[in-house]
Amino acid sequence: MKLTLGQISDQFDLPLYGDASIEVSGIASLQDARSDQLTFLFSSGYRKYLPTTRAACVVLAEADRPACSSACLVAESPRLAWARIATVFDDTPKPNGKHHPSAIVDPAARIGAGVTIGANVVIEAGVKIGDGSAIGAGVFVGEGTVTGNDVRLFANVSVYHGVRLGNRVTVHSGAVLGADGFGFEFDASDGTFVKIPQTAGLVIGDDVEIGAGTTIDRGALNDTQIGDGVKIDNQVQIGHNTRVGHHTVISGCTAIAGSTTIGSYCLIGGGVGIVDNIMIADQVEITAMSLVSQSITKGGRYSSGTGLMPGADWKRNIVVFKQLSGLLRRVRRLETGSRE
Amino acid sequence: MKLTLGQISDQFDLPLYGDASIEVSGIASLQDARSDQLTFLFSSGYRKYLPTTRAACVVLAEADRPACSSACLVAESPRLAWARIATVFDDTPKPNGKHHPSAIVDPAARIGAGVTIGANVVIEAGVKIGDGSAIGAGVFVGEGTVTGNDVRLFANVSVYHGVRLGNRVTVHSGAVLGADGFGFEFDASDGTFVKIPQTAGLVIGDDVEIGAGTTIDRGALNDTQIGDGVKIDNQVQIGHNTRVGHHTVISGCTAIAGSTTIGSYCLIGGGVGIVDNIMIADQVEITAMSLVSQSITKGGRYSSGTGLMPGADWKRNIVVFKQLSGLLRRVRRLETGSRE
Amino acid sequence: MKLTLGQISDQFDLPLYGDASIEVSGIASLQDARSDQLTFLFSSGYRKYLPTTRAACVVLAEADRPACSSACLVAESPRLAWARIATVFDDTPKPNGKHHPSAIVDPAARIGAGVTIGANVVIEAGVKIGDGSAIGAGVFVGEGTVTGNDVRLFANVSVYHGVRLGNRVTVHSGAVLGADGFGFEFDASDGTFVKIPQTAGLVIGDDVEIGAGTTIDRGALNDTQIGDGVKIDNQVQIGHNTRVGHHTVISGCTAIAGSTTIGSYCLIGGGVGIVDNIMIADQVEITAMSLVSQSITKGGRYSSGTGLMPGADWKRNIVVFKQLSGLLRRVRRLETGSRE
């Protein structure tokens, strides 16, 4: 794929400063770009790399243009411009619209127009796959699951029975959708835990992306619900009955327990833990590896943890941490004494 | 599936207050139940939803009966009643007892009576699958692995060679059983890490449930052992040689390092970390995202972490945390001074 | 597999004290070894098990020899000796060099000499598999991916398009290599997140081991890079553009965000979180479940967290933690007062 700077300027409506006939064949970072590649300047912190970049052209904000001696394309948001221009140079294999002969598709499944079905796919009875979708090699889709249009499931995804996915949902390899929620009840009569069948479902909205190895459980009595536009990174765990509001972003390795409700436009993670049966308001930001153990009723940024220390310092401080309530008492005694 | 309240009352031995001929066709939560559904009241905190529920009937404790105006079924433990009644309305596809023609089963494997083998299953030589078990689509079972009866492996589970599973073990999609433990030894002569072959096995007891994406490693010199009745949630990691006592419950995303011994009837997680080579007593409860770095010799509840704070408060406090040992010294100096 | 102690002594160049004709048929721990097994004493802490071990022979350090009454083999490093001797008794199934007829290999893929291809493997066009490699059942290898020689992918691994693996790379079941990095840019014009296509690759060096369920993303603009000799445990997540230096060891459930650079010979984890866009020096050790939120410029050991406490103590201390900055002010006031 080769494009001239003029073509890129036209297609993405970005003013060009430089020779419109220059051809580029790919994109790369400021430091790594070759002379036939396009690059991007996202923040003034990286402006120091401008003088030495070999890139044919830099996409940048108007404010950074004076510092650029090569050709440049000016964008209001260079990162949004990146997101759009990168689609041209993306070599992720395009679905070919074919059904691989090794795929095992139940005759009672309904497969939409233009659907691609990869090798060794298993699609059970009652499944409906929306138009234009692509089901990767080795994917399993359980009985009665329904997807919208233009869904993409990458290789080796597992979808249990009765899951509903919206339009333009992307699911990466190894993700598991609709497995049983974790529900057991202790039976004191024999000292065992009795499984609670997870009879509700999992409903995923439109334009959701789900990362590799992520697991989202089906509900126990209520459906688990993922709102429109939610973006979920790799190895995230979402428990049964939980609801995630639209356009919330969840970074890698975050664990959300069951029956929790999360608002819209939240930024969560990575490595965050959120306990069960709480509510989190809209536009809440949780910093990495925080534990949320109570409801959050107001938007804003929240954190927990101690910050990192050299091991010896950490040990010294941690000893005092374990006697903090005693230390407070001692300060109170001193305060009372000094007032006497 | 439709049942009358009378049938449910009889089958589960729950006194009915209301019209025995009313039919229900499913279960749902108090808030979401339709008029042809059964619902449950688990705790007095939810009693506020009783007046507005549309459910045909509520399963509840005797103490909550006066507050209920609809039909009700009285249970000593409404949650245990739920666990049992839900089995009737569970639409998880039932194994059909057939071997899918696409399955690749080594002639030297022994497959029990009434076993279901799904599409694209791979079963290697020397495997024994117990009677009544169900092996989901795309599952891999390595050489010499042996399962008890009524085991269920959902789609795309991977079981390495020589793993032993008890009776009635359920394993959810994406789980990996018996992969190599993480063992390397530094060789100073060339500055590399030498792999330690993991020659021991993995033994899983009866009535164990293992969640989606969970990984349990085989042992290095001792078998990794999971006791009877253990329940393990999604994305849990259990290292080599570790032993988990019977009826212990491990919530999602908990990581247990190698050669650690965990007692019986513990409640762990989620997101908990447990280091290697320690022992945890019976009936220990570890709250979410705690790190256990030393042995625990007595039952009870244990925690670590700082609790969540608004970001600005957290930053202010964390600065002081990093000088805690200095603060203690200053308080000591004040105390000594005030005594002079 | 049976070997005499004399054969083991010769093969691994370890002085034998005892009867060279004794045969052993396996290895086990000091406590569990049977009388036909070999065992190992790694540290003086386990010397107490020497008198009661039933093992035929103990591999130990010279300093522990006097305490041993059975036959023994003396090693400078008993753990290195273990790593080497264990290869003899390892019953991990050996690749058979065959292509299973159910495998779906694109005619435009190049498969090296002596490669084993398991049942239901899918290998796409443009793939190159190096000599002597073994591809497990159900593995997916995407377009244009290239592996070195003697690579082993266990069952149900997923490798996306265009990934490059070095020689002697081992990848355990359920791992996902080269899925999209997590990149979205907010578009204020319509309140949605726009996907940033992840157009760079993933490059893995020689002698790397990757654990079960681990996910390593492809790059956005730069390749994600894993250095030679890196050992990665189960359920680790490594984000896009991140670089891990050679011979670094990463324990289970560690999450490393994007665009971070990690040095060589680091020891990380498990359960560690490392934020995006930072640098970590060589020979840094991060203890379990620490959060690294800033660059680390010097080698050494680093920690975060509070340590574990009984729940009641923890609650008392955590209350004070949340007022730490106030406590510091009070101590300052006392100090000023006492100086007056």
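The values are calculated or read from the model by the stated rules, or taken from the named source; none is laboratory data. None of the values given here were measured: they were computed from a predicted structure. Cβ placement follows ideal geometry from the backbone for every residue including glycine, while neighbour counts extend to all protein chains displayed. For accessibility, only protein heavy atoms count, side chains too; no ligands or nucleic acids. Shrake-Rupley method; radii C 1.70, N 1.55, O 1.52, S 1.80 Å.
Dividing the convex hull volume of the alpha-carbon atoms in the protein assembly as shown by its residue count gives 199 Å³ per residue. The phi torsions of the range B:101-114, fed into the Karplus equation with coefficients 6.51, -1.76 and 1.60 and a -60° offset, translate into couplings of x, 7, 5, 10, 10, 4, x, 8, 9, 10, 10, x, 6, x Hz, rounded to whole numbers, with Gly and Pro shown as x. With its label point put 7 Å out from Cα toward Cβ, B:Asp90 sits 4.0, 4.0 nm from the same residue's point in the other copies, in order from shortest.
Is the range B:104-302 best put as rounded, prolate or oblate by its Cα gyration tensor, with a ≥ b ≥ c the root eigenvalues, rounded for a/c under 1.5, and otherwise prolate when a/b is larger than b/c, oblate when not? Before the final figure, lay out the partial values.
On the way: a/c = 2.18, a/b = 1.35, b/c = 1.62.
The shape class here is oblate.
Inter-chain neighbour count for A:197-205: the average number of beta-carbon atoms from partner chains within 10 Å of each residue's beta-carbon is 4. Ranked by the mean number of other Cβ atoms within 10 Å per residue, highest first, peptides C:73-81, C:282-290 order as C:282-290, C:73-81. Between the alpha-carbon centres of the range A:1-72 and the range B:58-86 there is a gap of 68 Å.
Per DSSP helix of 4 or more residues, -39500 (n - 2.57); summed, then divided by the residues of the protein assembly as shown. What does that give at 222 nm, rounded to the nearest 500?
Working: 12 runs with 141 residues, N = 1020.
It lands at -4500 deg cm²/dmol.
Under a straight-distance cross-link criterion of Cα-Cα below 17 Å, which aspartates and glutamates are reachable from B:Lys322, leaving out those fewer than 8 residues away in the same chain? Excluding near neighbours in sequence, the set is A:Asp313, B:Asp313. Distances, shortest first, from the label point of B:Arg54 to those at the same position in the other copies read 6.7, 6.8 nm; the point lies 7 Å along Cα to C-beta.
Amide H contacts of B:Cys57: B:Thr39, each under 5 Å away and 5 or more positions distant or on a separate chain (H built 1.01 Å from N in the peptide plane; Pro and chain starts excluded). A Gaussian network model of chain A, with springs between Cα atoms under 10 Å, assigns the largest mean-square fluctuation among A:Asp90, A:Asp228, A:Asp313 to A:Asp313.
Nothing charged except the Cβ atoms of Lys and Arg (+1) and of Asp and Glu (-1): what's the magnitude of the dipole of the range B:3-89 about its Cα centre? Round to the nearest 20 debye.
Details: 7 positive and 9 negative charges, 68 e Å.
Rounded to the nearest 20 debye, it is 320 debye.
Expressed as a rounded percentage, what relative contact order does the range B:192-320 have, with Cα pairs under 8 Å and six or more residues apart? Normalised by residue count, the contact order of the range B:192-320 is 14 percent. With label points set 7 Å from Cα along Cα→Cβ, the inter-copy distances at A:Thr297 are 4.5, 4.5 nm, sorted shortest first. Using a cut-off of 17 Å between alpha-carbon atoms, which aspartates and glutamates can reach C:Lys94, once sequence neighbours fewer than 8 places away in the same chain are excluded? Leaving aside aspartates and glutamates fewer than 8 places away in the same chain, those within reach of C:Lys94 are B:Asp106, B:Glu124, B:Glu143, B:Asp180, C:Asp131, C:Asp150.
With 22 Å as the cut-off, how large is the P(r) tail for the range B:3-89, expressed as percent of Cα-Cα pairs?
On the way: 373 of 3741 pairs.
Tail fraction, whole percent: 10.
Across the options B:Ser25, B:Gly213, B:Ser251, the greatest Cα extent toward the positive end of the charge dipole of chain B (unit charges at beta carbon of Lys, Arg, Asp, Glu) belongs to B:Ser251. Annotation: amide H of A:Thr192 within the under-5 Å range of A:Asp187, sequence separation 5 or more or interchain, hydrogens built in the peptide plane. Relative to the Cα centre, the charge distribution of the protein assembly as shown, modelled as +1 at Lys and Arg Cβ and -1 at Asp and Glu Cβ, gives a dipole magnitude of about 3420 debye.
Residues with beta-carbon under 12 Å from that of B:Phe12, excluding B:Phe12: net charge, scoring Lys, Arg +1 and Asp, Glu -1? In short, -2.
All other residues whose Cβ lies under 12 angstrom from that of A:Lys128 are scored, Lys and Arg at +1 and Asp and Glu at -1, for a net of -2.
In the range B:134-160, comparing the full protein assembly with the chain on its own, the residues that lose 10 Å² or more of accessible surface at a 1.4 Å probe are B:Ala137, B:Gly138, B:Phe140, B:Glu143, B:Phe154, B:Ala155, B:Asn156, B:Ser158, B:Tyr160.
Counting only C-alpha contacts under 8 Å and six or more residues apart, can you give the relative contact order of chain C as a whole percent? Walk me through the intermediate numbers first.
Details: 934 pairs, mean separation 21.4, N = 340.
Dividing the mean separation by the residue count of chain C yields 6 percent.
Might you report the magnitude of the Cβ-based charge dipole of chain A about its Cα centre, with Lys and Arg at +1 and Asp and Glu at -1, to the nearest 20 debye? All intermediate terms of the calculation are to be shown ahead of the outcome.
On the way: 29 positive and 33 negative charges, 266 e Å.
Computed charge dipole of chain A: roughly 1280 debye.
C:Gly201: net charge of surrounding residues, Cβ under 11 Å, Lys/Arg +1, Asp/Glu -1, itself excluded?
Details: positive: C:Arg164, C:Arg218; negative: A:Asp91, C:Asp217, C:Asp223.
Cβ neighbours under 11 Å give a net charge of -1.
Quick one: compute the contact order of the range C:104-302, relative version, from alpha carbon pairs under 8 angstrom and 6+ residues apart, as a percent. Averaging sequence separation for qualifying contacts and normalising by length gives 10 percent for the range C:104-302.
Counting heavy atoms of the protein chains only and a 1.4 Å probe, report the per residue accessible area for the range B:254-340 as a whole number of Å². Let's see the in-between values first.
Details: 3910 Å² over 87 residues.
Computed with neighbouring chains in place, this is 45 Å² per residue.
Taking θ as phi - 60° and the Karplus parameters 6.51, -1.76 and 1.60, the scalar couplings of the range C:37-43 work out to 10, 9, 9, 9, 10, 8, 8 Hz in sequence order, x denoting glycine and proline.
Only lysines eight or more places from B:Lys48 in sequence, or on another chain, were considered; those with a Cα closer than 30 Å are A:Lys195, A:Lys298, B:Lys2.
Residues whose amide H comes within less than 5 Å of that of C:Phe182, counting only those at least five positions distant or on another chain, are C:His240 (H built at 1.01 Å from N in the peptide plane). Backbone phi angles across the range C:256-270, fed through the Karplus curve with coefficients 6.51, -1.76 and 1.60 (θ = phi - 60°), yield HN-Hα couplings of 10, 6, x, 6, 9, 10, 10, x, 8, 6, 8, 10, 10, x, x Hz in residue order; Gly and Pro are listed as x. DSSP beta bridges confined to the range A:104-302 are antiparallel in about 5 percent of cases.
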